[in-house]
Structure formats: structure tokens, C-alpha cells
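The values are calculated or read from the model by the stated rules, or taken from the named source; none is laboratory data. Please read these numbers as outputs of a predicted model, since none were measured by experiment. Glycine also receives a Cβ, built like all others from the backbone with ideal geometry; neighbour counts cover every protein chain displayed.
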Amino acid sequence: MTGDPSPVTKESNFDRERFTAMLDTMWRIRAFEELAVRSLAEGLVLGAIHPSIGQEAVAAGICCNMARDDLLLSTHRGHGHTLAKGADPLAMMRELFGRAGGTCGGKGGSMHIADFDVGMLGANGVVAANIPIAAGAAHALKLRGEKRVVVCIFGDGAINRGPFLEGLNWAKVFNLPVLFVCEDNNFSATTHTFAMTAGPGAAARAESLGLPAQTIDGNDIVAVDSAARAAIAALHAGEGPRLLHCKTYRMTGHTAVDPAAYRDPAELERWRGADPIDRLSEVLRVAGVAEPRIAEAKAKAYSEMEEIYAAARDTGWPDVAAAFQDVQDLGDPRERPFS
Amino acid sequence: MTGDPSPVTKESNFDRERFTAMLDTMWRIRAFEELAVRSLAEGLVLGAIHPSIGQEAVAAGICCNMARDDLLLSTHRGHGHTLAKGADPLAMMRELFGRAGGTCGGKGGSMHIADFDVGMLGANGVVAANIPIAAGAAHALKLRGEKRVVVCIFGDGAINRGPFLEGLNWAKVFNLPVLFVCEDNNFSATTHTFAMTAGPGAAARAESLGLPAQTIDGNDIVAVDSAARAAIAALHAGEGPRLLHCKTYRMTGHTAVDPAAYRDPAELERWRGADPIDRLSEVLRVAGVAEPRIAEAKAKAYSEMEEIYAAARDTGWPDVAAAFQDVQDLGDPRERPFS
Amino acid sequence: MSDMTYLEAGRRAVIEEMRRDERVWALGEDLGRGGVFGQYKGLAEMFGAQRVTDTPISEACIMGAAVGAAMTGTRPIVEMRFSDFALCAIDELVNQAAKARYMFGGQMRVPMVVREPMGMWRSSAAQHSQSLEAWYTHIPGLVVVAPATPEDNLGLLKSAIRNDDPVVYLEHKDLWGLTGPVPEGEHLTPLGEAQIVREGDAVTVVTWSAMRHRCMKAAEALEAEGVAIEVIDLRTLWPWDRDTVFASVEKTGRLLVVHEAVAVSGFGAEIAASVAEGLHHRLKAPVRRLGAPRIPIAYAPPLEDKARVTQDAIIDAVRGLLASAQAA
Amino acid sequence: MSDMTYLEAGRRAVIEEMRRDERVWALGEDLGRGGVFGQYKGLAEMFGAQRVTDTPISEACIMGAAVGAAMTGTRPIVEMRFSDFALCAIDELVNQAAKARYMFGGQMRVPMVVREPMGMWRSSAAQHSQSLEAWYTHIPGLVVVAPATPEDNLGLLKSAIRNDDPVVYLEHKDLWGLTGPVPEGEHLTPLGEAQIVREGDAVTVVTWSAMRHRCMKAAEALEAEGVAIEVIDLRTLWPWDRDTVFASVEKTGRLLVVHEAVAVSGFGAEIAASVAEGLHHRLKAPVRRLGAPRIPIAYAPPLEDKARVTQDAIIDAVRGLLASAQAA
Ligand SMILES: Cc1ncc(C[n+]2csc(CCOP(=O)(O)OP(=O)(O)O)c2C)c(N)n1
Ligand SMILES: Cc1ncc(C[n+]2csc(CCOP(=O)(O)OP(=O)(O)O)c2C)c(N)n1
Ligand SMILES: [Mg+2]
Ligand SMILES: [Mg+2]
């Protein structure tokens, strides 16, 4: 809960439309995650899922500053980022259910959701693995002389893996258009990340590599939005890579089945009081957005996701032939000495 | 050529014995390296060697502050460090020649010289690989409640590999007694390291991880010695890991056979003017050490190494049975389906 | 004998060896809360956070630090969480841990155990399901172990911790909950010794890890047909127990190797090739291997299942061996 | 045909493909000065530092960045310098590059070539001499190539660069200076096709990379004894040319696989096991493998030589196969 929520009044030239749309996005993420958690309990979601409940302001505030063809790389906790980037939630839910029509045809599941049509280059099951991949995507954009930019979101635990150093150094050395976003939710699985992190953290490490970096309140979407807008503008201006350290909080366990017994309940309560959706709702009220519109954001999101849930549930399994497709063109994937 | 050589006069309480002994060490390293290079041309040294000519002040200035049972980890350019730590140069030369009685029985060669009897835990053929190993050695010392310390020397190119981040973060998180020394000779093989390094470099990166760091003139052994002494004292005081960034210069090619055509001859000339051996000799003169003693340091070193060269040359090959020994105790290393 | 889960048996092994030898310690992510599967539950409380230590998410440094700590008088147990993540620490394992003793001319040893939970687990997809044991058997300096039962997870892990060279210790994620009898007192299973789990004269089936149990089910089904297969659980993959396997094949004249890993260049190839080389003239039928097709592991169950070696496939393979024997 | 070194042929392949397709680029340490072996000499001048780019010493990022760049419309050639250093980038190669196309349901491809100079080179010791091709053949999603001649280094590298999935391209360090005839014009060697280098009826000898040349020397020596062996250079290890190998073994009835890598779990095991499974009843003698013992590679020549497969060992193995045939 760093920094104060930016001052907003009825009078300030605050973009009501824009932020009301962000509220819609945040509720859609919240509703999607809650349904995914429920579906896991029902046995419809098949593998582990890592909910982003409480972190919606980062996904919504960053992605609303990206063009559809800008590229996003995410993590195992990537549902919110993927939705905010414009992926079809039905295809996403189908992927979580392992059904036909999933974003990856049911081959990837929650930890490997990707939707290249909207520039979402993938979640990743390996912590920090997307950092070099993001640097490479930006490297390709530069080689091709394209104007697009890359955003790479990773967790606070990822900054202790080597690829964080190698990828940031690379992006700076080649002056690449990539924004690194450390989505700091306080935890690495069951570990309080600070206990395993030397020094002040992501921003200081980025600055030591010559990347301009900023630490912001990741539950204040107004702050996230303006920081992201400024950073992405700098990328377009060819100023090279930057890092945003967004301080937020993981309101669930590490996975949907983790009770998080290791966490101080008081801490959770404190953060519940800083719920990013409540905070944006309050900002909108102050800005004069009508109460019904604020309520509608939530209602619409849940009804949309309930429909999606039903549609996904009623979708069949993928065609098993797919198991042997898209491995590699050369060689027979069925290759089995005997069977 | 950062900083000024520390002011020394006949009167200053400058330890003549100590620094005269360091001059002996530096000449011994220089002579050993020159003989190794000559021996390679003669076909006596069998694999690639990476001379440390011009970098002797780092090896001598750091290691003279280590106890025999303190632990040292080095690099592919490690002859000087190993000698300064107290290894037997004859065993080292035999290792380079692949002969019986080599430090590793001829199994390792230049890039894998180790002498555990003097706390030298090995050169390494993989850049930066010794950084986590050093952190682990220090971790073990802490677990065992020992008072010894660890020094890990690596090159300027190594700071762009992930293990640099992971190892320094680890050492700080666990508050381990390890001194990291970045021996910055300007080059990574044929590459000017600065061109591939984002930000100010080793010290800034270490500081971003909470390690106190200092950048010093690595060709000024008086500066290296005092910085090393202070840092190692801090380790003994339980203050946790630190980093020294020693700026020196590689006066040879990357390997003994690299003509370094990519380097500006003027640059080399400038650095020749800052030869660490000449600089210490001058300091000793100013401090009133007699000329003959200064000359003797060189003469003794070369005659010692000539004898070693002859002795190594006259040593036989190792017993071939060793090829199958010290692999692992379980299983037959000869295991060959058919032969 | 008392019943215990595979997970609990591994936990007991660590507790017993840490009690026995204070040089033994464990390091890995989340160990302070028992580790991701609970294999270390309560150990930090029992032995202190120094000996059962949390680590940053730094696989390369976890492995590399263990190498340095093993060279410096301690005996680390490295927890890699999923064997897939060990791929972030391969230089440290293969270029450093496995080679140090040899490269340095035997000046020291690297006594460390690398625990790598492996294998398929419902819908864990391509990056959390791999079985790469064959890789490790190819690397000089490494011992490779893959326990299949609670009793062996106790006895083999204890032996691995006492071994003075690096051991890659591959527990199977799908076996954590498996319950079975475990001896009461001190129990050590020697490394390098296979176990004949079921005697038979028709076909020698060599397997390990989770596949042992599928082979046993197939054996029961085949028994109904009057076919008695001999099931051998290798337990240690390197060094593997040639004598036991060869003796069995001399008796049955037929070999089937079954593993979960991709068949192509899997460890089954080494066993099948060794038997074909050494016992060719004793074979009543060609050697056979069963493993996964050469595809990544998918998330959706119907696709994921295509990467599984099924009980039916094992039964068919055995029937095929008996049929081709007549053909010969 | 004009004579050219193996190194120069590889260089020419890169030049031709970079001219042909502007999406192709190369990245690696020291490439601006031609790379550590000179394989890229003059290319930065020819194509600019952007398309032949130096990199930091960051193997994980070199490989990972190539994956991202390959997903984003370019075709990177990754230079790993020594195959041993690729062990610093295994997660990026195995968990990312090899699996991305499949995991993401075929939404994109990862067209990249990973050049990994491999193998023994006089006195390079344990961390600069390894041959780990077997590992890559075990990983779904990877194509594996190991050229043995200048002509094939030209033709195979060009085909690899045009391939739309990741290719691990293993040049042998000891072959850089080998000179041989290379076609003048456009020359592509198809991936997946072995080459029968020498015809014979006594024994089928399957090999690749540097060992091809040792096998040919052995063949000449054996010819003097009136023994004609058939030497097959696999060239592509995955997918390997089963048809050519099987056809040859059907003719000769005898198989010997020769490779430089450690024999245990080497790729020879896959070939020997496949032949034993598929052609058991056609074999006049047991299948045989020749590879290195399971030891790290030492520095001192007399010790290093113990890890080499010698011409004499090949000749003895062939004689053994012919003898055991009588025995049968
Ligand atoms: C290389 C690697 N190590 C360990 C894991 C297991 N793991 C999955 S998520 C996670 C915690 C990651 O923490 P953070 O980066 O902060 O992301 P968050 O889960 O908090 O979103 C861990 C350790 C992994 N997936 N990859
Ligand atoms: C992981 C790895 N990548 C590449 C190499 C090849 N290599 C050997 S020395 C060297 C340059 C290292 O530069 P630096 O760390 O500054 O040490 P210096 O040679 O200058 O002493 C390189 C790239 C290696 N040995 N290991
Ligand atoms: Mg986190
Ligand atoms: Mg350097």
C-alpha cells in the first residue's frame, strides 16, 4: 500500500469512460478467477491454477495501455493479464477445462495459456523464463523495424532467478522496446519473498542495470495506468527498456487449493481493506460516476462469466489426433519402437 | 587506471617486508605465465591457457590477506590466483603439461587446476560457475560454525551471467562470509565487455543486492591490499558478503595464441605504462627498499620457474589406470557394452 | 512392518539421516513450510531453519551452492521441486557436481543428493510432467535412483544420503500417496540392486518407478491367461543390476522394458541394447521396449493419455513376445 | 565441386541463407570478430552488427531471446560456442523452444538453429569435450543434426536454417579444418536422410560426425583382409533414417553402431535396440555398440585417449561380429 491514491475530483480532467471500462475489466478478471476456483472444486478445471484475485489493477492498468498487436508475456498467474490483453474468456475457460476450442486446443492448460491473435505470447510454467523470451521478441521487433512494444510481467519471486539479470541486461544493451513489470504480491508460493530477496528489490536491481524504474501502488489503478502510459510512451520514443515495480497482494493461496495457513490473517485483512476494485469504485464515485453504472460493472461481469462457464462445461474434449500434431514437422511423433 | 597510487614515503608506516614479498609473488606469477606461454609454443602445454600477465596485483593483493585454510575459487584465468594462494608451481606446471604429479594428476589441466590442501577449490571452465559454488562453500562454513572465509574471483564478463545474480543474492540472504572479486581486465574473450554490459557494472549490481562494494585500481597493489584487508576483516566480523571491483588490464590475448588484433595498440601501450609490477617497484623504491632487493625479486622468480619448467618437462605421464579412477564409487566406469 | 505412504517414508529417511549425521542438511524452496508436496513437513521445526533451509527461487544457485557445500564438509539434500525445474541447473549438476571429483584428480568428493520429483501427474502439462532419467544415466559421475514403493523410498533415500558421490534421486509425483509396509527399525536398501517383484518364466519385464505398479497389474491379468511374467524393479538406474536382469532373461528368453519416459533414447534402449548384445543367442523373441511416444505431455486428459503406457499396452506387448517366439 | 574446409562450408551456408532470407540472423559471443573458431569471419561486416550480433556471456538469454525472436517473425541462428555451454541454457531449449509450438496448440512455430560445436579436441578436458547428442534425440520437438563433411555442413546447415522447428546442430570441433569437395551452386542436404558412405556386405556400421572418418579408415584396413563393411553416416540423428539402416542390416545381418559419446545411454543404444527389435530374426550376430566408457574426459593425452573409440577397437568389433556369426 505504497503512495496515496491519486487525487481525483468531479472537476479534475479525469477520464471517467476510461476508468469505468477498467472497472469492467477488473470485475471480469475477478469473476473469471472466482469461477475458475469454483470449477476446480467441481473437477472441471483439471490442473493447478494460480488465481490473481486482488491483483486485478496491475493486469487492467498495464494492458489498457497496450495496442492489440503489442506483445505481452505473462506467468503461471496469468489469467488476468490474458483477459485484459483481449483474449476470449470462453476460449480461456475451455483451456482450463481441457476442452475443444481452448486457446491452446486443450494442450496447455492454465499455465500455458497463449493467444497470439491478441499478442499474448504465453503464460509460462517456469518462473522468470519469459523474461529472456520477451527480450528476444523485442529484439525481433527492432530487427524488423516495427513500432510495436513488448510488456513482460513476472512475479516478485522471479527477480532472484538468473534470467532476470540476463534478460534486463540484454534489453538495455540492445536498447529494446520492452517494459518489465514486477507484479509483487508479497509471496513466492508459501514464502514471504522479502526474506529470500537481498537489497531493496526489483527497481534497485533494474536501476543498477541502467533501466529507469519506478515503484508504485499496484492496487491503485490510476497510478498503474499513468505509470504504464508514461513507460510505454518512452518505449515508443526509443528510450529503451524500463521496469515498473507494482506492489500488490495475493488475496488467495498460492494455488486455488492452498489455504495459506502460513499467512497472518491480520495482514490479509489489511489488504482486503485496500482491494483494488473497491478503491477504483470509490475513485469513480468521487469522480461522479453514477452508482448504477458502478454496480453494473460487477453484475455484467458475473453474468458473462456464468454463461462462459456453462458454455465451456458443455463443450466436448479435443480430438485425440491433436496429441500427435504440432510436435515438429520432421519425424513421426508416434515413433515408438513397439506398440 | 582508476584512483591514484596511494601515497607512500620513506617515512610512512608502510610495511616494506610485506610489499616486498608481494613483489616476489607478482614476479613469480609473471614468470610462471611467461613460461607457460613459451611451453605452449613448444608443445609442452597441451590445452588452451589464459595468461594473467598484467593482472598480478589482484592475485597477490587479495591472496596475501587470506589464511592458508581460507577458501579461494577462481576462473579459467587462474594461474596467478592459485600461485598466490600458495599452490606448488611445479605441481601446477606438471598439470599444464598433463604429467604425473600435477595438482589434479593431469586430469584437469589449466582450466581445472585446484589444490584443496591450500584451500584452492578450483579454476572453472564455465564462466561464473564458481560464484554459486563459492556461496555454497561459505554456507557450509557457516553451518559448521567455522571462522574461515571464502574469496571468489571472476572476470568482468561473468557479471552478465545469471549465477552472478543468484550467487550474490544467496550470499546476502544467508549473510555468508564470502568476498566476491570482479577482476575486470576490460575484455570478455575478443569482446570489449563494456559494450555488452548495461549500467555501471559490478559494484552497482552488488550494491543493488545490498552488498557493500568498492571499485579500485587493480594495478595498484597497495590499494588492492588495503581494500582486501578491510573486506576480509568485515567478513570475520560477520558483516556479510562484499564485492571488490578491481580494474586491471589483460596484457595478452584472450588465450596464449590470440594475437588480439581487435585491440587498439595505443590502449595496450597506455596500460603497459601502468604495469602493476613496475608500479609496486616504484613504490618500494620511494619507500626506501634497496634496488638489489627489487632486482632480486625478478631474478629469483625466473630462475625458480626455469627450474620448475625443466622438472615438469622431465616428468612422465600419469598412470593410465587413473583414467578410470575417481569417477564415482558405484558402477564400473569401464562400462562399455562391448569392447 | 507398519504401513506408511511413499511421501512419509521419504520424510522418515531424511529425519533418520539428519539425526544420524549432523553434516546432512536440506535446501530448497518452501521447505520451511514442508515443501511443495509436504515431504519436509515439520523438519524445520525439528532441526532448525539452518539445516532445513528455505531458498530463493534460484535453481542454479541451489544446485551450485550444494556443490560448494558438499566440497566443504557437509552433505546437502537438494530439493528441485519438479524434475523439470532441474533443467535450470544442468550446468551445475552435469558440468560441476558430476565432474568435480574426477577433474580435480580425486582431491575431494561431492556427496549430495538431488531430489527431483518426476513423472506424469494428472493434467500437469508439458513443463511439469517429464521423466528424464535417461539423461542422467548418460553422465559419468552420477548415480541415478528411482524408488517405486514406500519401503524403497525409505531404504534407497537413506543409502543415497550416505553415498559419497552425487545421486540424482527421482521420486515419482504420482506415488506420494501410495501406502505400503515399511520395516520398523533401521532399513537401508543397497544402491545398485534390482528387486524381483514377481517371479515368472514367460517374459522378463524390467521396469522402475510408477510403472512397476502398472506392470504388476498386467502380471495379474496375464496370470488369468496362465502367463507368468517376471517383474523386475530396477530401483537404481545407474549402476543398474545387470546380473539380475541377465539371469532372468537367460531363464525366460524374452525381455520387455517398460518405462514412462519417451521411448526414443529412453533408458529402456540401454537395457534392451545390452541384453540384445549379451544374450542374443539365448533370446526366444526380439527384445522389446515400451515407452511414451515422442510428444510433449498435453493438459487435456484424452490427449495426455496418449503419452501414457497403459496396462493393455503392456499385456499386448507380452502376448506379442510370446507369439513372435512361436514365429521364430 | 571445389575444395573447402568444414568450417568454411558452414560459413558459406550462413552467408547464402542470410542473403536468401532477411529474417535470418545470428547471435552469440564474439561473433563480431568471427566467433571463437572463425565460423562467422567477416559476416558482421557483410550483414551488419544487427544481423550478426555479439552478445553478453548470457547463454540462457541467448537461447531464450532466440525463442522469443523466433516466435516474432525472425529465424535466429544461435551460437553456443561449445556444446558444453548449452548446459547453461537447457530450460530455454528443452522446456521452452522444444515445447512452445505444442503447448500453445500450434499457434506459432519456433524456427531456430542452435549451433553447438561438440566433441573431443586434444586436451580440452571434461568441460569442453562432451558429446550429448543422445539427450536431444530424447526430447520431443527437437530435430538433431550432426554433419561429418564439408559438403554436408553446407547442405545440412542450409536445410536446418530453413526448417520451421528448432534444430540442434552439432558441428564437431575436430573437423573444422577438414577439407573436402563441395558443390558450386545451391546445395541442400535433406534432413532425415542418411548417407551410405561405403557399400559392403559383411557388417553394417552406423556412425555420424567425426567417427565417420575413423570408421572409413577401419573399412580400408579391413578391406585388406577381404572384409567389406558398409558404412552409413546418419547425418540427421532425429529423425534418423531407419529405412536405410534397416535395409542395410537386412543385407548384412550384422550391426555395429560407433559413436564418440559415452556408450551408456548414448544414441547408439536407440539404434541397436531398434534393430534388435525389428530385425532380430535377420541378425547373423548380436547387435553391437562402440562408444566411450562412462568417464569424464581427462586432460592428459594418455588418460584422454582412454575415452576415445579407436580404429583398432572398430576393427576388433567388426571381427568379433564376424566370429560370433560362426559361433551362432
Ligand atoms: C524455475 C522454477 N522454480 C520453481 C517453480 C515453482 N513455482 C511456481 S510459482 C512459484 C512462486 C513464484 O513466485 P512469484 O514469482 O512471486 O509469482 P507469484 O506466484 O507470486 O505470482 C514457484 C516457486 C517454477 N515454476 N519454476
Ligand atoms: C558459460 C560460458 N560461456 C562462454 C565461455 C567461453 N569463454 C571462456 S573465457 C570467456 C571470456 C570471459 O571473460 P571474463 O569473465 O571477463 O574473464 P577473462 O577471460 O577476461 O579473465 C568466454 C566467453 C565459457 N567458458 N563459459
Ligand atoms: Mg509473488
Ligand atoms: Mg575479462
All positions within region D:270-283 that are within 7 Å of chain C (Cβ to nearest Cβ) and within 16 Å of the chain's Cα centre (by Cα): D:GLU270
Residues within region A:130-171 that are at the interface with another protein chain (Cβ under 7 Å from one of its Cβ atoms), closer than 26 Å to A:CYS64 by Cβ and assigned to a loop (DSSP other than H, G, I, E, B), tallied: 1
Breaking point among (1) surrounded by 24 or more Cβ atoms within 10 Å (Cβ to Cβ); (2) in contact with a Leu (Cβ under 6 Å, 6 or more places away or on another chain), for D:ALA269: (2)
Top-ranked residue in region D:61-97 [being within 8 Å of chain A (Cβ to nearest Cβ) and polar (S, T, N, Q); ranked as farthest from ligand 3 (Cβ to nearest atom)]: D:THR74
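Which of the helices (runs of 4 or more DSSP H) found entirely inside region D:238-309 contain at least 3 residues meeting this: within 22 Å of D:GLU193 (Cα to Cα)? So that I can check it myself, show each step before the final result.
On the way: elements: D:242-252, D:267-279, D:301-304.
Counting at least 3 such residues, we get D:242-252, D:267-279.
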Selection within region C:2-55 - on the phi > 0 side of the Ramachandran plot and either surrounded by fewer than 20 Cβ atoms within 10 Å (Cβ to Cβ) or of a type in the set (D, E, K, R) (or both): C:ASP30, C:GLY34, C:GLY38, C:GLY42, C:GLY48
Residue match in region B:63-85 (condition: assigned to a helix (DSSP H, G or I), in contact (Cβ under 8 Å) with a residue 12 or more places away in the chain and in contact with a Gly (Cβ under 7 Å, 6 or more places away or on another chain)): no
Hits in region B:234-250 - residues which are more than 14 Å from chain A (Cβ to nearest Cβ) and within 16 Å of ligand 2 (Cβ to nearest atom): B:LEU244, B:CYS246, B:LYS247, B:THR248, B:TYR249, B:ARG250
Failed item, numbered, when D:SER58 is tested on (1) in contact (Cβ under 8 Å) with a residue 12 or more places away in the chain; (2) at the interface with another protein chain (Cβ under 7 Å from one of its Cβ atoms); (3) crowded, with 24+ Cβ neighbours inside 10 Å: (1)
Residue within region A:108-127 that is in a strand (DSSP E or B), without any contact (Cβ under 8 Å) to a residue 60 or more places away in the chain and either more than 25 Å from D:GLY105 (Cβ to Cβ) or within 11 Å of ligand 1 (Cβ to nearest atom) (or both) present: no
Some residue of region B:19-27 being part of a loop (DSSP other than H, G, I, E, B), at pLDDT 95 or above and more than 25 Å from B:GLU269 (Cβ to Cβ): no
Those residues of region A:160-189 which are in contact with a Lys or Arg (Cβ under 6 Å, 6 or more places away or on another chain) and near ligand 1 (Cβ under 9 Å from one of its atoms), in sequence order: A:ASP184, A:ASN185, A:PHE187
Qualifying residue in region B:108-115 (condition: at pLDDT 95 or above, more than 29 Å from A:ASN160 (Cβ to Cβ), more than 8 Å from every other protein chain (Cβ to nearest Cβ) and within 16 Å of ligand 4 (Cβ to nearest atom)): no
Selection count, region C:284-303, where residues are within 7 Å of another protein chain (Cβ to nearest Cβ) and surrounded by fewer than 23 Cβ atoms within 10 Å (Cβ to Cβ): 3
Boolean, C:ARG254 is in contact (Cβ under 8 Å) with a residue 60 or more places away in the chain and either more than 22 Å from the chain's Cα centre (by Cα) or surrounded by fewer than 24 Cβ atoms within 10 Å (Cβ to Cβ) (or both): yes
Residue check for A:GLY105: out of contact with any Asp or Glu (no Cβ under 7 Å at 6 or more places or on another chain), within 16 Å of ligand 3 (Cβ to nearest atom) and within 7 Å of another protein chain (Cβ to nearest Cβ): no
Residue among C:PRO140, C:PRO150 that alone is touching a residue at least 40 places away in the same chain (Cβ under 8 Å) and in contact with a Lys or Arg (Cβ under 8 Å, 6 or more places away or on another chain): C:PRO140
Matching residues, region A:300-327, being within 14 Å of chain D (Cβ to nearest Cβ), surrounded by fewer than 22 Cβ atoms within 10 Å (Cβ to Cβ), outside any helix (DSSP H, G or I) and without any contact (Cβ under 8 Å) to a residue 12 or more places away in the chain: A:GLN325
Helices (runs of 4 or more DSSP H) contained in region C:131-236 and holding at least 1 residues touching a Phe, Trp or Tyr at 6+ places or on another chain (Cβ under 8 Å) and buried (at least 24 other Cβ atoms within 10 Å of the Cβ): C:133-137, C:150-162
Region A:242-299: number of residues that are over 25 Å from A:ALA158 (Cβ atoms), among the hydrophobic types (A, V, I, L, M, F, W, C) and either without any contact (Cβ under 8 Å) to a residue 24 or more places away in the chain or not in a helix (DSSP H, G or I) (or both): 6
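Quick one: which of B:LEU71, B:LEU44, B:LEU90 is at the interface with another protein chain (Cβ under 9 Å from one of its Cβ atoms) and either within 16 Å of ligand 3 (Cβ to nearest atom) or aliphatic (A, V, I, L, M) (or both)?
B:LEU71
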Search result, residues across region B:55-75 that are of a type outside the set (D, E, K, R) and surrounded by fewer than 24 Cβ atoms within 10 Å (Cβ to Cβ): B:CYS64, B:ASN65, B:MET66, B:ALA67
Region A:175-215, subset farther than 16 Å from B:LEU209 by Cα and facing another protein chain (nearest Cβ under 8 Å), residue farthest from ligand 4 (Cβ to nearest atom): A:THR190
